[in-house]
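Since the structure comes first, as structure tokens, the remarks are kept for the end.
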Amino acid sequence: MDDLEKAILISFDESGAVDSTLKAQAVSYCQQIKETQSICSICIERLCFTKLVQVQFWCLQCLHEVLRVRYSSMGLEEKSFIRKSVFSLACYESIDDKNLVRVLDGPAFIKNKLAQVMVTLIYFEYPMIWPSLFVDFLSNLSKGVVVIDMFCRVLNALDEEVISLDYPRSQEEVAVAGQIKDAMRQQCISQVVRAWYDILLMYRNSDPDLCCSVLDSMRRYVSWIDIGLIANDAFVGLLFELMLVSGFPDQLRGAAAGCIHAVAAKRMDPKAKLTLLQSLQIRKVFGLVAEDNDSELVSSVASLLTGYSTEVLECLKRLNSEDRKAVSTELLNEVLPSVFYVMQNCEIDETFSIVQFLSGYVGTLKSLSPLTETQSLHVGQILEVIRSQIRFDPAYRNNLDVLDKIGKEEEDRMAEFRKDLFVLLRSVGRVAPDATQIFIRNSLASAVASNGDVDVEEIEAALSLLYAFGESLSDETMKTGNGLLGELIPMLLSTKFPCHNNRLVALIYLETVTRYMKFFQENTQYIPLVLSAFLDERGIHHPNSNVSQRGSYLFMRVVKLLKAKLVPYIETILQSLQDTVAQFTTIYAASKDLSRCEDGSHIFEAIGLLIGMEDVPLEKQSEYLTALLSPLCQQVEALLLNAKAQNPEESPAKITNIQQIIMAINALSKGFSERLVTASRPAIGLMFKQTLDVLLRILIIYPEIEPLRCKVTSFIHRMVDILGSSVFPYLPKALEQLLAESEPKELAGFLLLLNQLICKFNTGVRDILEEVYPAIASRVFNILPRYAFPTGPGSNTEEIRELQELQRTLYTFVHVIATHDLSSVFLSSKSSAYLDSMMQLILHASCNHKDFVVRKACVQIFIRLIKDWCASPYGEEKVPGFRSFVIEAFATNCCLYSVLDKSFEFRDANTLVLFGEIVLAQKVMYEKFGNDFVVHFVSKSLQSAHCPQDLAEQYCQKLQGSDIKALKSFYQSLIENLRRQQNGSLVFR
């Protein structure tokens, strides 16, 4: 063994026994050899005598790479040597007398690599340089199985590497593939097909694996060769024999089916295609699908039947002749029962294709009315197929019920799988609405009468069908209950399935009842049954927590929809929910997972929606609300009272408990309107104020607990919404506490609360804002970077993202202040110290922020401040230095330099909106500053950008005119002109 072989063996070693340094040296040595001029000769020589498969593979891989990269620079002699040598290897011949080893005796991966090398030669040399290639190869097939196998590998590799359009190809590759196909059609394809036929005839009984290889090659080539070479009595007869004789292995029979499928899928004129499909006599294979439901053969036959059916359907769509349409319909009618059988009884991979075909078939029925008896029968069978396919596998029943990892995966898979089937159901429902309703009625009736424990999946499927059917119904149909709905919905409501404890059954039951809620809005006599479904063990009181949580959410939606119609049932509902309400604030006290609490709050929202209506008498409303708020507030007071003395280990549980209570009260308040609690029933408002007073104490006792601060902030948002200005007395203390310990994330939330107050009360919050703004500004400028955030590796941290969000919220906050007549807040004695920092931050963002929406907001801030603080061109300066800052810094940097930057893309919609604001800002500056602005902007700013004098004069004219659109249009053309003629002396930032 010489150095090269040793190096190859070391470089291929995956055992870990070889030292990494030695392995690196071996790889480097192999690379050096690969780069020598004589590498092809070295590789061919090795292939003649080495039996080491690693060395054989390396040599073939080298040949493959070198041919692809260096072929055009090789000499004629070297090309000839490689051609003859590689062909000899592929045909099991000796290259010379010393050739003791034949590569074709090696394993499959070596032969596949040799086929790749052959295909590379074909790519460069066939047909111009080596026109006899295939004919020469065919003459060697008489050597037997080993050469025939190699011939098939070469054909398959040629398809994968060059011809098949299943892979992306360059224009050059497509052109070469076309040349190869044209030459093969002209020179040798009929001989290749004859060889296929003879090989299949000769080896069908003795070597089925070889026959499978031949059929695989043939299947690939059918799409572009003369179909008459295959679609003839002799060849089709042989293929059907291989398929139908039970003595042949399934793999061989399936491969023959694949070839017939390729013949059926051949692209051609629809008239000729229909004749071809007729000639195939596909009925011969119908019996095969019943042989063994999950065999490889059945999957191949299923694929054939689907492909054949799809092609017949295409003929039906494309042919106009009534006679030919009749033939297509007859062929479809013949094959469809087998397609239905396959879908319902066989484990196959073709389900998606069959569903697509059935969707196409149903689509053709839309224009037919009425349907024939056969078509109606097919519609019924399609519905049966849908029902059988949407059923869960009973093997997963326990996994799905407890929803473990396996159950979750199966549920997700099935949800995705069902999408197309439910689309198909809706299509069938439109084509045959009566038949679909009857089918769903019968499915539901069968489920109602079934043995629940045995037929869990059957019941779940029937309910899912009823749910999906509802998607295709109009609001009017849903309300009136036309057709069988008036029978179906009461049947659903009055049923308690024996398997209702099953999670899937319980969930789809509740979802289905909710889906048909519009029916109950019109048919109020069923409301007691609806309430029972949600309030008993089928819904909120279901033993499975997933079901009870979902039931709570759906019940809240039901209450929103039915609302006033539920007033007579409020007492009954509250009585039923008493235990759930009590559990909500106690049962999960020690739990760290708050997701269940979030779901539980839906119950309180539902109750709030019910008792918050004006239809409820004041006395009753007060009674209900007191019964809910008093115990919740008492719990908070008790928890706060013990907070200082409690065990550190108890603290997380207490905090969790308080969070749950705040969420409950918050959710409850969503049912009450501002008009009700402030105008018509102030006593109710007083109850919420007392509650707010209690909850604000949480900020004092637990000043550093972020989740509690967030929940209290959320509650203040709600109280602002419903209490209106009567919330003002509570705000100073609340805002002081919220601001005291806030981190960037909380500070952003605090600014959102202030935004809500400003938007709701406008100048009414001036005093509050003047009080808190200095503290906000102080905190913000201490923690935000002066200009840009760090970029590059390690900059995308949670901390940086929180600061970026705080900065965006700050821009919005300043914008809200400026646009709500509150800019005087920035000028108060306590705030004025931060004015310069704020202006610099807004200026930088207006010029450089990557989000153009933020830039627009910052420009709008400047426009408002100019209007507020600058009375007239020659009036007294309200804010000393502001006028010169705007003219010199804002006008130059934002209105000119930032727009000249090539990143300012005029074709972008957001950029154009920003540009409009920048032009408006110039107009406002001219109105407020007069010639001071014009002189500076034209003589200094535009001149620094090398603006021609005539364009500068035109700019002045447009600015002084009254047409803002004309100014905008001119300024855009001016900027584009300046960009084109920039000479580098101006640095565009």
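The values are calculated or read from the model by the stated rules, or taken from the named source; none is laboratory data. Keep in mind that this is a model prediction, so the values were computed, not measured. Glycine also receives a Cβ, built like all others from the backbone with ideal geometry; neighbour counts cover every protein chain displayed. Just so you know, the surface numbers come from the protein's heavy atoms only, side chains and all, with ligands and any DNA or RNA stripped out. Shrake-Rupley method; radii C 1.70, N 1.55, O 1.52, S 1.80 Å.
Before moving on, here are some points about what is shown:
- Set D2, D13: member being free of Cβ contacts under 8 Å to residues at least 24 places away in the same chain, more than 26 Å from I122 (Cβ to Cβ) and over 46 Å from the mean Cα position of the chain (by Cα): D2
- Residue match in region 279-293 (condition: within 37 Å of the chain's Cα centre (by Cα) and open to solvent by 10 Å² or more (accessible area, probe 1.4 Å)): yes
- Members of region 423-469 that are within 18 Å of L507 (Cα to Cα) and among the aromatic types (F, W, Y): Y467, F469
- If you check L628, L668, L686, L639 for being open to solvent by 70 Å² or more (accessible area, probe 1.4 Å), part of a helix (DSSP H, G or I), of a type outside the set (K, R) and on the phi < 0 side of the Ramachandran plot, only one passes: L686.
- Residue ID - farthest from the chain's Cα centre (by Cα), chosen from residues in region 379-395 that are touching a residue at least 60 places away in the same chain (Cβ under 8 Å) and open to solvent by 20 Å² or more (accessible area, probe 1.4 Å): P394
- Selection of region 460-514 for residues being part of a loop (DSSP other than H, G, I, E, B), hydroxyl-bearing (S, T, Y) and closer than 20 Å to S532 by Cβ yields S494, T495.
- Failed condition for T819, given (1) touching an Asp or Glu at 6+ places or on another chain (Cβ under 8 Å); (2) free of Cβ contacts under 8 Å to residues at least 60 places away in the same chain; (3) of a type in the set (S, T, N, Q): (1)
- Residue in region 892-899 that is among the small types (G, A, S) and open to solvent by 10 Å² or more (accessible area, probe 1.4 Å) present: no
Each row is one residue, and each column tells you yes or no for (1) among the hydrophobic types (A, V, I, L, M, F, W, C); (2) in a loop (DSSP other than H, G, I, E, B); (3) touching a residue at least 60 places away in the same chain (Cβ under 8 Å); (4) farther than 17 Å from Y123 by Cβ.
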{"residue": "M150", "(1), (2), (3), (4)": "yes, no, yes, yes"}
{"residue": "E160", "(1), (2), (3), (4)": "no, no, no, no"}
{"residue": "P168", "(1), (2), (3), (4)": "no, yes, no, no"}
{"residue": "E173", "(1), (2), (3), (4)": "no, no, no, no"}
{"residue": "Q191", "(1), (2), (3), (4)": "no, no, no, yes"}
{"residue": "W196", "(1), (2), (3), (4)": "yes, no, no, yes"}
{"residue": "D209", "(1), (2), (3), (4)": "no, no, no, yes"}
{"residue": "L242", "(1), (2), (3), (4)": "yes, no, no, yes"}
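- Failed condition for A777, given (1) open to solvent by less than 10 Å² (accessible area, probe 1.4 Å); (2) touching a residue at least 60 places away in the same chain (Cβ under 8 Å); (3) under 37 Å from the mean Cα position of the chain (by Cα): (3)
- The set of residues in region 826-882 being aliphatic (A, V, I, L, M) and assigned to a loop (DSSP other than H, G, I, E, B) consists of A871, V879.
- Near pairs, Cβ below 6 angstrom, 6+ apart or cross-chain, from region 940-965 (farther than 19 Å from N893 by Cα and modelled with pLDDT under 90) to any residue that is charged (D, E, K, R) and open to solvent by 30 Å² or more (accessible area, probe 1.4 Å): none
- A count restricted to region 515-557 and to residues that are assigned to a helix (DSSP H, G or I) and either open to solvent by 10 Å² or more (accessible area, probe 1.4 Å) or farther than 20 Å from S464 by Cβ (or both) stands at 24.
- Restricting region 319-371 to residues that are out of contact with any Lys or Arg (no Cβ under 7 Å at 6 or more places or on another chain), among the β-branched types (V, I, T) and more than 15 Å from L288 (Cα to Cα), the residue that is modelled with the lowest pLDDT: T351
- Any chance I540 is touching a Gly at 6+ places or on another chain (Cβ under 6 Å) and touching a residue at least 24 places away in the same chain (Cβ under 8 Å): yes
- Residue in region 27-40 that is polar (S, T, N, Q), out of contact with any His (no Cβ under 6 Å at 6 or more places or on another chain), touching a residue at least 12 places away in the same chain (Cβ under 8 Å) and part of a helix (DSSP H, G or I) present: no
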